[in-house]
1. Checking the conditions here, which among A:Thr140, A:Thr180, A:Thr148 is at pLDDT below 90 and not assigned by TED's automatic domain parsing to the domain that holds A:Ser643?
2. Can you tell me which residue in the range A:77-116 is nearest to the chain's Cα centre (by Cα), limited to those that are surrounded by fewer than 21 Cβ atoms within 10 Å (Cβ to Cβ) and small (Gly, Ala, Ser)?
3. Would the range A:501-514 turn up any residue that is touching a residue at least 12 places away in the same chain (Cβ under 8 Å), on the phi > 0 side of the Ramachandran plot, surrounded by fewer than 19 Cβ atoms within 10 Å (Cβ to Cβ) and assigned by TED's automatic domain parsing to the domain that holds A:Pro453?
4. Hey, any hits in the range B:64-84 for a residue that's surrounded by fewer than 17 Cβ atoms within 10 Å (Cβ to Cβ), within 10 Å of chain A (Cβ to nearest Cβ), closer than 24 Å to A:Asn277 by Cβ and at pLDDT 85 or above?
5. Being among the hydroxyl-bearing types (Ser, Thr, Tyr) and facing chain A (nearest Cβ under 8 Å) is the filter here, so list the residues in the range B:114-146 that pass it.
6. Just a yes or no: is a residue in the range A:456-466 in the same structural domain as A:Gly573 (by TED's automatic domain parsing) and assigned to a loop (DSSP other than H, G, I, E, B)?
7. On the basis of being in a strand (DSSP E or B), more than 14 Å from chain B (Cβ to nearest Cβ) and farther than 19 Å from A:Gly271 by Cβ, does A:Leu681 make the cut?
8. Sort out which residues of the range A:437-456 are touching a Ser or Thr at 6+ places or on another chain (Cβ under 7 Å) and away from every other protein chain (no Cβ under 14 Å), and write them in order of number.
Amino acid sequence: MARRAGIAALLAGATALAGAVQAETVPSFNLYGLPGLVDMPDANMAPDATLALTYGRMGTANRGSVSFQIAPRLVGTFRYTGIENFDHRASADGVYYDRSFDLRFQILTEGDWRPSVVVGLQDFIGTGIYSGEYLVATKTLRPGLQVTGGLGWGRLASYNGFEGFGERSEEILGTGGQPTTDRWFRGDIAPFGGIAWSPNERLTFKVEYSSDEYVTETAQAGFEHNSPINLGMDYRFKSGTQLSVYYAHGSTLAAQLTYAMNPKTLGVPGGVESAPNPVSPRSAAEIADLGWTSDLVSARASTQDRLARSLEREKLGLEGFDLEPRRATLRLRNETYGAPAQAIGRAARAMSRILPASVEEFVIVPSEKGMPASAVTLRRSDLEALENEAADQMLARTGFGEAPRDTPKMDLEEYPRFLWSLAPYFGYATFDPDGPFRIDVGASLRGEFQFTPNIIASGSINKKIVGNLDEVTRVSESQLPRVRTDYAEYAREADPRIPRLTLGFYGKPATQLYSRLTLGYLEPMYAGASAELLWKPSDSRFALGAELNYVERRDYDMLFGLQGNETTDPVSGITRSFPHVNGHVSAYYDFGKGYNAQLDVGRYIAGDTGATLTFTREFVNGWRIGAFATVTDVSSEDFGEGSFDKGLMFSIPVAIGTGQPSRNDTTMTIRSVQRDGGAKLAIDDRLYQRIRENHEPDVAASWGRFWR
Amino acid sequence: MTFKTTCRAGLLAGLIATLAACGNDDRRDPLLESAYESLFGGFGAEEQTPITDQQVGQALAATDRPVIRFTVLDREAEALAVEIERNGAHRTYATADRQAIVLRNGLITATRGLGGDLMSVEEDRLLGLLRGRSAGQATYVQRYLTPEDVTEALSFTCTVTPGQSSDIAQGVIRTSVTVMQAACSDGQGTAFTDSYLVDGSGEIVTSKQWLGETTGYATMQQLRR
């Protein structure tokens, strides 16, 4: 039955993956990949945390976008556009590729009489081809009928505008990537508006008056603008996916597919893993019995043995154990459960079934790579009394603190351990004008030799089976040492490759302090040594870290050779060198409700100094969606296309797809352009995330999993 | 598709089928295997058949502990579960596949391992009416985890009505019972009707209960108390 039920739940999950039927409705999306009419915006907001992917085509332009509802009133969009037959010096084979970012904020929410009002910045740090701003209001007159009216600036004031404030540059910027503040809300203003009518929940019909004359496309891509009136129709599938067709500007047919998902509603609720053991309650007579303490040493040994076996059935590891007449301390290794509360809950129940009845206090010390990360203190009588109550009752009676000084020593009986696995892998590259999306798929053999829980040698070797990453041929000149832009060389020459091969030492030098030393082939392009120190009090939302690296460039074949820190530019022929040493000081802050920020200040691989700011929204189930930007002392001219390093990060927990508990995730980082400025090492075992997961704010957030 | 790419695609499919994460490292997730299982019903998944009287007899003979039959109606999945623990008034029953059902006087108060599990309930008033075989209104709260792992509490108002009495025989239980119905609604569009057979001691010996969006209705039958 487990399998069948599991599969049914998985299927439910798979259906959810195909676009969950959401309680709140996802609004209709426009050709810019944001809530709107046909080409014009409206003032609707998607439900909080909606992640929407759109792909549309209008005339000769392909537009793809990803939008994220950052907060209930704030949405951000990244768009990638290719306009064919576009006459511009940056076009590749006649196709002009453009990346742009939008931000939209809801000033007023809709009321009985009041419309929703939204202000938007379109293409606000790009090259400026889509640059425009707007103020738009939408009112629902009756269910299924909405009217929208707004004022546009920039591109959205190109048709029938009137004079506004100041002058506005029309130039398409060469390098792009700078916030175009000097243009915002400048120049002409034009009105736009429209009506959306949904006769039922499947269909929406739209008509709009557009204030966009498509000047650039008309001049450079042969676009015909005959009319400001655009017509559209959306069909909403049962899964929530939207198919839209449009007739735009009296000349052009367009179509778009919109796929919306939400990290809050995707996946099997609570997972499909097997049931935990129930709590085993004690009688008063048993609790009073201290007879077993006469031979504490042998009682400890035999109890530890049975507890270790019981934890193993829960896919948990006993890393250390201490038993006193009234208290037991378990040093717990969790490599299974994404929610630490679940690991703690399962361990506590195993303890309740095995430990002598007089033991009342359970101290569970979650251990990350041998580093005791915190201490969770539970009373056994609370476990007995609250097993069938709301989980927050148990949370209220649970103590959180630093791992105690006398944390039980690591039990090394099972060490050294050797673990290996063979599994498929994929690699990808985006936004190369010659092939905007490239992917490799192959087999990855991974091995890990654990001398002790905190001294670990690990590595992997990948062999490609199919893919086209090696077809990247575009070389572009760099004014910096080519610390990242030689990626095409690596993609071509490295097969099979060893992405990483490292020896890691993890430690806890003092309370609230965690350390890491990694030696070897640290990442695909660099080898050397990396040392990190993290200060993170267990009850704090704030943490500080420092990382110091000594690196040398690896050979293009990504095997064992090194090639020194000198690079020669294939275009200019100039040879440049860069330092061996780089590193950062980092500050981390958890604002609560899943909003996190990280600031790194230091020296980057190419020797440039500067800072990276990262904002992330994290969900209790492990989804993370973030954006980062790095500004260094490299000028935007020297940096090249994009002006400075920036990008988006999407991290999806594996458990969403499988329904089974897991601490793993799949992380994709999308940079608009990979250049050499602001480049950091891609080390995969940095401390902050893993340590923080065991601290009170994170454990409490997923506490509902304690009894799962 | 050229011959070469066909070959490679075949090789890839073979690789995925045979090597979908092998090794001794549990931390590496069997992603493809799970995807395959969800699409094609798993590697050699058996056809689900109802539990036969013979299986019930075998199960009752194999243990002297309390046994229930548990069925998830929408999934047509059925299993026998044996009592493995008692904590106060709560009894935990487990199936051979490590799924668990918790009963209090025969009322399902929690499930584990079904997917979309009922985590806990506030059932005192509802259970009081059912056990007294009396009509009335009762509040009833069910708690679930959302896909985000946040606890969600659904608060219902239930109207309880007693029905006819009859004699039943199931497993080793022979008793006379009263039919009870509880029509529950949260006032926001979620509504269900549970039914129970309650014996003279106030124990629910058979029930059909709604266990949330994911599981839907499930039936429970006590075969031995």
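The values are calculated or read from the model by the stated rules, or taken from the named source; none is laboratory data. Because the structure is predicted, anything quoted here is derived from the model rather than measured. Cβ atoms come from the backbone with ideal geometry, glycine included; neighbour counts cover every protein chain shown.
1. Only one candidate passes the filter, namely A:Thr180.
2. A:Gly82
3. Checking the range A:501-514: at least one residue is touching a residue at least 12 places away in the same chain (Cβ under 8 Å), on the phi > 0 side of the Ramachandran plot, surrounded by fewer than 19 Cβ atoms within 10 Å (Cβ to Cβ) and assigned by TED's automatic domain parsing to the domain that holds A:Pro453.
4. Yes, the range B:64-84 has at least one match.
5. Once the filter is applied, which keeps residues that are among the hydroxyl-bearing types (Ser, Thr, Tyr) and facing chain A (nearest Cβ under 8 Å), the range B:114-146 yields B:Ser120, B:Tyr144, B:Thr146.
6. no
7. no
8. A:Phe437 - this is the single residue of the range A:437-456 that is touching a Ser or Thr at 6+ places or on another chain (Cβ under 7 Å) and away from every other protein chain (no Cβ under 14 Å).
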